[in-house]
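Colleague: Dumping the structure here so I can ask a few things about it.
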Amino acid sequence: MSPVDLITHNFSDEAQRVAALHALALLDSEPEREFDALVALAADMLRCPNALLTLVDSERLWIKAASDGERGEISRDVGMCNYTIRGKEPLVIEDVANDLRFAANPLTQGPDGIRFYAGAPVHAKDASGDHYAIGSICVVDTVPRSLNDAGRNALTHLATLAEAMIAARSTARQAIAIATTADRQAAALARQDRVFRQAERMAAIGSWRVTLADDRLQWSEGVYHIHGLPVGDLPEMPVAMGFYPPHARDEMNASLRQTIETGMPFDIEVDFKTAQGEQRRVRVLGECEDAEGQTVALVGVFQDVTERHALEVNLRRSANTDSLTGIANRAAFDRALDAAMTRSHANDTPLLLALVDLDGFKAINDTLGHAAGDDVLRGVGRVLKAPWLKNSFAARVGGDEFAILIEDPGMVANPDYICTRLEEALRFPIALNGLAMVSAGTVGITALDRDCHSVRDFMHRADTILYRAKRARVGERRRPNRNAA
């Protein structure tokens, strides 16, 4: 190894040695009885006035324990243990005054200066399992002396004991750290669990799991609350499915089967009834849980979306409903007409379109006022929602114009009856402030032909018939009564 490589190698080893020392958290630590007992034993066994356990840091030598009770630090340069850690065997200096390395060392000066030193290196493992000398256990005296083989062996054994104590301390610290971390994690999990349960209650949400082998259910508290059940025993799968009405149960079962077969998650909204019989709307999400390449369970989320669903329904209804009459508006009618024509052509089923125009509506507004006119429009809305029309689609398509889509086979077979009955029903009195008038309406009705594929053409045909009917009604009103006296 070249001098440059040697310097680099030594520098790298020193950095790793210091890192191993720092990882032990021994430096600047409080006194510990086991280390104090160790140095007392060393002084007694080797019959020296003082024994020390030292730790050699990058710039200092720190005394972890001393039999005379002194603790503190000195510069690494003057510490004899700095030389001890460089070798594998104990370092023994019988008379420090005769060692040129320490001739000017301040620790050797004066009547109480060190004249005898014997130390053995103390090692520790780093995270990789490599051993590094981190300090020494040593004995010192103020007079020169010698150390026989038994003394050297004793010093080596004491160093081994120090290493075992340091390793045990490190293991204990790690165990405490693990336990502390576990406690913190357990506390954190408990907090998170509380937060999760609170979030479940706020969002009306819960989690579920069902194992495929035995259909065994697992519910979080939120799912119990949504079902209206006390937290506790879980129902069997058939009982749990009983909370859904038949159509929703079929959709749930189909979604579960598809997810198991394809591995694709599902996200559906279905009707639901609680244990107390309350009608609710729930959103159910689910996906596969795999183990070793096999689907072993389905897991997911269960949420009560009743309020949101009701809001969406109301918004859709508001967007599609005429606020005055309570029946559909023009935009909803246009969509319904297009869909009805598509169904009729695809299924070869009949379809009638009836247009209604109020007679004399302007006169009622001008004579009785707009409040009376609004009463007329509301009355027309009630007429067009009458049960005898068998859920035909009715809409207000203009100021005093209305339309009806009729798909019922029995109704479609008799358009003249529909026209006559509608005109009779639309004739009703309206009175305000002592004045009375009669509301009336004209109906134009036509059937969808196979060659009519345009909404515009269909509407035009019905409008033409309506126009002819209105002209005829006007003619009847103008024709003189020949039977009059």
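The values are calculated or read from the model by the stated rules, or taken from the named source; none is laboratory data. These numbers come from a predicted model, not from an experiment. Every residue, glycine as well, gets a Cβ built from its backbone with ideal geometry; the counts of neighbours run over all protein chains shown.
Colleague: For region 293-311, state whether one or more residues are of a type in the set (S, T, N, Q) and out of contact with any strand residue (DSSP E or B) (no Cβ under 6 Å at 6 or more places or on another chain). Working first, answer last.
Modeller: Step one: filter region 293-311 for residues of a type in the set (S, T, N, Q), giving 294-295, 303, 306.
Right, trim to out of contact with any strand residue (DSSP E or B) (no Cβ under 6 Å at 6 or more places or on another chain) and you get 294.
Yes, because at least one residue in region 293-311 is of a type in the set (S, T, N, Q) and out of contact with any strand residue (DSSP E or B) (no Cβ under 6 Å at 6 or more places or on another chain).
Colleague: Let me ask another. Every residue in region 178-213 that is closer than 30 Å to Gln294 by Cα, at pLDDT 70 or above and of a type in the set (D, E, K, R), please.
Modeller: Scanning region 178-213 gives a single hit, Arg209.
Residue by residue, here is whether (1) touching a residue at least 24 places away in the same chain (Cβ under 8 Å); (2) surrounded by 13 or more Cβ atoms within 10 Å (Cβ to Cβ); (3) in a helix (DSSP H, G or I) holds:
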site: His345; (1), (2), (3): yes, yes, yes
site: Pro350; (1), (2), (3): yes, yes, no
site: Asn365; (1), (2), (3): no, yes, yes
site: Gly379; (1), (2), (3): yes, yes, yes
site: Gly398; (1), (2), (3): yes, no, no
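Colleague: So, one more: Might you check whether a residue that is among the aliphatic types (A, V, I, L, M), in a loop (DSSP other than H, G, I, E, B) and under 24 Å from the mean Cα position of the chain (by Cα) occurs anywhere in region 254-267? Talk me through it step by step, then tell me what you get.
Modeller: Going through region 254-267, the residues among the aliphatic types (A, V, I, L, M) turn out to be 254, 256, 260, 264.
If we keep only those that are in a loop (DSSP other than H, G, I, E, B) too, we end up with 264.
After this cut, where a residue has to be under 24 Å from the mean Cα position of the chain (by Cα) as well, the list is 264.
Yes, region 254-267 contains at least one residue that is among the aliphatic types (A, V, I, L, M), in a loop (DSSP other than H, G, I, E, B) and under 24 Å from the mean Cα position of the chain (by Cα).
Colleague: On the basis of being assigned by TED's automatic domain parsing to the domain that holds Ile166, of a type in the set (Gly, Ala, Ser) and within 60 Å of the chain's Cα centre (by Cα), does Ala97 make the cut? Let's see the steps before the verdict.
Modeller: Details: assigned by TED's automatic domain parsing to the domain that holds Ile166: yes; of a type in the set (Gly, Ala, Ser): yes; within 60 Å of the chain's Cα centre (by Cα): no.
Taking the combined requirement at face value, the residue does not satisfy it.
Colleague: Being out of contact with any Gly (no Cβ under 7 Å at 6 or more places or on another chain), in the same structural domain as Thr171 (by TED's automatic domain parsing), surrounded by 21 or more Cβ atoms within 10 Å (Cβ to Cβ) and of a type in the set (Gly, Ala, Ser) is true for just one of Ser58, Ser67, Ser75, Ser29. Which residue is that? Reasoning before the result, please.
Modeller: Working: Ser58 fails: surrounded by 21 or more Cβ atoms within 10 Å (Cβ to Cβ); Ser75 fails: surrounded by 21 or more Cβ atoms within 10 Å (Cβ to Cβ); Ser29 fails: surrounded by 21 or more Cβ atoms within 10 Å (Cβ to Cβ).
When all the criteria are applied, what remains is Ser67.
Colleague: Please report, ordered by residue number, the helices (runs of 4 or more DSSP H) entirely within region 1-107 with at least 3 residues that are charged (D, E, K, R) and modelled with pLDDT of 90 or more. Break it down stepwise before answering.
Modeller: Working: elements: 3-23, 33-46, 81-84.
Filter on region 1-107 gives 33-46.
Colleague: Here's something else I'd like to know. If you check Ala354 against the conditions, is it touching a residue at least 24 places away in the same chain (Cβ under 8 Å), touching a strand residue (DSSP E or B) at 6+ places or on another chain (Cβ under 9 Å) and part of a helix (DSSP H, G or I)?
Modeller: Details: touching a residue at least 24 places away in the same chain (Cβ under 8 Å): yes; touching a strand residue (DSSP E or B) at 6+ places or on another chain (Cβ under 9 Å): yes; part of a helix (DSSP H, G or I): no.
Judged against the criteria, Ala354 is not a match.
Colleague: Give Gly232, Gly263, Gly242 a once-over and let me know the one that is loosely packed, with under 11 Cβ neighbours inside 10 Å and among the small types (Gly, Ala, Ser).
Modeller: On the way: Gly263 fails: loosely packed, with under 11 Cβ neighbours inside 10 Å; Gly242 fails: loosely packed, with under 11 Cβ neighbours inside 10 Å.
When all the criteria are applied, what remains is Gly232.
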